[in-house]
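So the structure is just underneath, and the comments pick up after that.
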Amino acid sequence: MAEPHQHQPVHRALGLTDDELTAIEAVLGREPNHLELAMYSVMWSEHCSYKSSRVHLRRLPTEGARVLVGPGENAGVVDAGDGIAVAIRIESHNHPSAIEPHQGAATGVGGILRDIFTMGARPLAVMDPLFFGPPDDARQRWLVEGVVAGISSYGNSVGVPTVGGELTFDPGYAQNPLVNVLCLGALPVERLVLGRASGTGNLAVLLGSRTGRDGIGGVSVLASAGFSEAAADDTKRPSVQVGDPFEEKRLIEACLALLDEGLVVGIQDLGGAGLACATSETAARGRVGMDVDVTAVPRREEGMTPWEVMTSESQERMLAIVTPDNWPAVAAVCRKWEVRATVVGRVTDPVHEPGSVEPVGRLRIRDGIDGAVLADVPAASLADDAPLYRRPLAVPADLEVRRQDDPGDEPPGDCGAELLSLLADPSWVYRQYDHQLFLNTVVGPGGDAALLRLAGPGLPPSHRGIAVTTDSAPRWCALDPRTGTAAVVAEAVANLACVGARAVAVVNCLNFGNPEHPEVMWQLSEAIDGMTAACTALELPVIGGNVSLYNESGGADIDPTPVIGALGLVEELAARPPGIGWTAGSTVLLVGPRRAGPATASAAGPSPGTPAADPFPLGGSRWAIECRGHRGGVVAPVDLAAHRRVVDLVAGLVAETVAGGGGLLTGVHDVAGGGLAVALAEMAVGAEVGVRIDGVEGHAELFTEIGSRFVVATERPDEVADRAEAAGVPVTRLGTAGGDRLVVDGLVDLSLAAVAGEWRDALPHRLEGPAAQEA
Amino acid sequence: MAGGARVTAARVGVVVFPGTNCEHDAVSALTSLGGQAELVWHTAERLEGFDAVVLPGGFAHGDYLRPGAIARFAPVMGAVSRFAAAGGPVVGICNGFQVLTEAGLLPGALQKNAALRFLCAPAALRVTSSRSVLTAGVPVGTELMVPINHFSGSYVCDAATLEELRAEDRIVLRYVENPNGSVDDIAAVANAAGNVVGLMPHPERAVSELLGSADGAVLLRALLASAAGERAA
């Protein structure tokens, strides 16, 4: 969108509806001018205002004893103990990555880092859940290569390790890939800062890159509309920003130095909606006004109009609020780090206005700091007064038919061959990411969860550890978004338990289709209810989130894809956890229910009217979808009370090892995608030791994805059984580790070499072809 | 030497260019091994008082133009050259190695990896010379597991230089399995005097079993011992 089209009203070209224009006129008491309209169009976009999702998001539990900052700020923050706070946030950069995968993914990383250091935290780790179409054509491979290279080039260069993520291939993402980015950082508790302006006469200082024409309308044109028939809309490419990790690296160091020295009153990153967002949000949060001299903003090119300057999404910029006395010291820090710093505005008093109870802080855009007023709006009206939509909800018409179509009726096949087809080592992706910087990574990508030392430059010493994971299961959510989302939360907590951590908070990235489709709004509402049920039962506050809607192309919505990022704590981190493996001779146990139970009062599902529980449900399983192309059926219910008992037991057992006490386990892995079969295979490959399993009833038991289950290995099975009995957790003996074959009696008999080879080569072969691999 | 009756910790200057990102890790690792490490900003023109200098990894000046191509013009590099000429131990890790080759303190160059992708992975190394400040006292043939983390880590040099490096026993470390296409599996080289060493692997990332390997400590201890020897001399 270089210029609005001639043939339609300006507000519609900017993505505003007629009703929204009327609402703006009511706020202003007059018609908005073009600059004002441009600012409202970006701030009231779906991406910035959450206008379709806010009424639902309010249901999420957000409070907990450790929560220092909940949703609504740049990042959620929890107290990790020892005087250290941890900030965490997750975001999507889906549409930019669909159009320009390298820059789209790179700027996704850049944007989330700024959200973290805005809080005063040094970014310490990134995770990237990625969703693409099957990489069997050149275009998908271009997307995968580009996104991974973008994350790699930006994250590695800016100096933040990428410690994990997820990689999902499904035809539903072929035209609309998903690129989510989670970042966590840490800070001394007392350095916590919030993005607000205060103090009349204080200076608004723009730090970092000059402002260009890149990314104009990114939040409105790009993020808040679906894609049309074309694979991706090339005309939208100018709405993708271009990143510069070297600029960001200097910006991080300069901002952390400014915060260390106490030189700023408030600080806010510039991301979506650019200066319009940063100025209005800081003023609104501080209940003050702000005058902005648009001519003072350093520019990359000549001839930019005020609305382009105010809505540009040029990367690597921050807005700091500084007292006039501190300005020379701020300028000196920025000079050292070669970061541009320019006074572009000043904080003004809120003014009493007829009809308003409280004084109103006005955001005025001026031509020179004392020059003509080009725009004059209540700051809070941009930041907080976007319309709230209660969009209609409708159960998808085909849902009941899909649920009745159960893959339990599929005949058994060659379980060994099917298992091999489900294995993939993701190291092709994560070896391109620096995952070790800061010397914190005890368990990196490829583990159930990342386990990090709680340490970093400028932090007080601590023996604690933090664990983080991202999880999703769109294949479950497509059949039952409520149960599926609850199960994803449960799986995230289980992954943390595998490295000995207890979950303390979650963030979410809700990737859904077009909110103007009632079925999509139903999915979103159900997912939020499932998350609410799980987080309430597990006492997990939701401390931040991001909603990405309009993930559709050619009228088809993606499967509902809520991604959960979970943060866990380890009290004492002195040794490595047992990990995905075992020792020869270890007894292999299944901890948790062997069969699916009926839904209980605390369960999040299934919805009423679904068939009676199958002991080994396969609905939504990787086996059903990837081996049989069967997407129907019923998702296994989640018993949240029982889940809590299982994860507490496993987290406790692993924590004994991690604290340096030896512990009872020689290996641990949660049972997730691909079921018991994949869990056993991954443990055998990890250990380079085979296993012999008996007593598995059939292919359904082998591949079911019933939650709340772990495979553990131990040389002291009686003690583990005693501990489980005391905790009220069922345990089943599966077999013994040893030898060089993976044997499940009567179902699977494969050489370990074949399993390891298939696991190792699957992804490189799909992405590069066998020839490239051998070269 | 370390082990003497009154030992003051070797003082190591860790050079920071804008874009360097392994400086805190280097300081932390050296300190944990008994060294005394401090950061030196790239505009510094003097290195007096240091017993050794480390150029850590990262992306100095964003690796723009070419890794190390801009950093070599920093004021501190004049001081590093003089420090090296006077026999002081200088070690460049990863991006630091690239800077040293660009500055002409080490021969050869680092090109993009053969697979044209960034590679972060553990690498098995073999010590192939004990004639350097990084491997003094470490027996030839010692195998070490140390992570690599680079896009441009494929060591290249002309045939004459390679002959010279071999003849003068200046190939300090070799990869057991070549991960990046480096000529002659070279992971680290030294100057003729053995006091300037560049290596692509990150020994500071391997100083604790908690993080997966403590093998890098073998190299950093040797450096600290060389530095302490420098102080005594």
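A compact table of results
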| quantity | calculated |
| --- | --- |
| Some residue of region A:363-371 being at pLDDT below 95, closer than 23 Å to A:Gly274 by Cβ and either of a type in the set (S, T, N, Q) or not in a strand (DSSP E or B) (or both) | yes |
| Region B:24-36: number of residues that are within 14 Å of chain A (Cβ to nearest Cβ), surrounded by fewer than 24 Cβ atoms within 10 Å (Cβ to Cβ) and either within 15 Å of B:Gly78 (Cα to Cα) or touching a residue at least 24 places away in the same chain (Cβ under 8 Å) (or both) | 3 |
| Given (1) of a type in the set (A, V, I, L, M); (2) in contact (Cβ under 8 Å) with a residue 24 or more places away in the chain; (3) buried (at least 21 other Cβ atoms within 10 Å of the Cβ), number of the condition A:Leu439 does not satisfy | (2) |
| Residue that is nearest to the chain's Cα centre (by Cα) [pool: residues in region A:127-153 that are within 13 Å of another protein chain (Cβ to nearest Cβ), among the hydrophobic types (A, V, I, L, M, F, W, C) and surrounded by 24 or more Cβ atoms within 10 Å (Cβ to Cβ)] | A:Ile151 |
| Matching residues, region B:204-233, being assigned to a loop (DSSP other than H, G, I, E, B), open to solvent by 10 Å² or more (accessible area, probe 1.4 Å) and closer than 21 Å to B:Thr142 by Cα | B:Val207, B:Gly212, B:Ala214, B:Asp215 |
| Region B:48-105, subset aromatic (Phe, Trp, Tyr) and either assigned to a loop (DSSP other than H, G, I, E, B) or touching a Gly at 6+ places or on another chain (Cβ under 9 Å) (or both), residue most open to solvent (accessible area, probe 1.4 Å) | B:Tyr64 |
| Sole residue being more than 25 Å from B:Thr20 (Cα to Cα) and at pLDDT below 95, chosen from B:Gly229, B:Gly137, B:Gly141 | B:Gly229 |
| Top-ranked residue of region B:199-215 - restricted to ones that are under 15 Å from A:Gly444 (Cβ atoms) and more than 8 Å from every other protein chain (Cβ to nearest Cβ), ranked as farthest from the chain's Cα centre (by Cα) | B:Ser213 |
| Failed criterion for A:Val654 (all others in (1) more than 27 Å from A:Ala700 (Cα to Cα); (2) modelled with pLDDT under 95; (3) not small (Gly, Ala, Ser) hold) | (2) |
| Among the candidates A:Glu719, A:Glu701, residue that is acidic (Asp, Glu) and open to solvent by less than 10 Å² (accessible area, probe 1.4 Å) | A:Glu701 |
| Region A:521-579, subset under 19 Å from the mean Cα position of the chain (by Cα) and hydroxyl-bearing (Ser, Thr, Tyr), residue farthest from the other protein chains (Cβ to nearest Cβ) | A:Ser525 |
| Residue in region A:175-190 that is within 14 Å of chain B (Cβ to nearest Cβ), more than 30 Å from A:Met290 (Cβ to Cβ) and in contact (Cβ under 8 Å) with a residue 12 or more places away in the chain present | yes |
| Test: residue in region B:143-154 that is open to solvent by 40 Å² or more (accessible area, probe 1.4 Å), away from chain A (no Cβ under 14 Å) and part of a strand (DSSP E or B) | yes |
| Selection from region A:389-414 of residues that are outside any loop (DSSP other than H, G, I, E, B) and either buried (at least 17 other Cβ atoms within 10 Å of the Cβ) or of a type outside the set (S, T, N, Q) (or both) | A:Leu399, A:Glu400, A:Val401, A:Arg402, A:Arg403, A:Pro407, A:Gly408, A:Asp409 |
| Considering residues of region A:397-447 that are within 14 Å of chain B (Cβ to nearest Cβ) and among the acidic types (Asp, Glu) only, the residue nearest to the chain's Cα centre (by Cα) | A:Asp434 |
| Residue ID - surrounded by the most Cβ atoms within 10 Å (Cβ to Cβ), chosen from residues in region A:168-198 that are assigned to a strand (DSSP E or B) and of a type in the set (Val, Ile, Thr) | A:Val181 |
| Restricting region B:107-142 to residues that are within 14 Å of chain A (Cβ to nearest Cβ) and basic (Lys, Arg), the residue that is nearest to B:Ala192 (Cα to Cα) | B:Lys112 |
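The values are calculated or read from the model by the stated rules, or taken from the named source; none is laboratory data. A quick note: this is a predicted structure, and the numbers were derived from the prediction, not measured. Neighbour counts run over all protein chains shown; Cβ positions are idealised from the backbone, glycine included. Ligands, DNA and RNA are stripped out before the accessible areas are found, and what is left, the full protein with its side chains, is counted by its heavy atoms. Shrake-Rupley method; radii C 1.70, N 1.55, O 1.52, S 1.80 Å.
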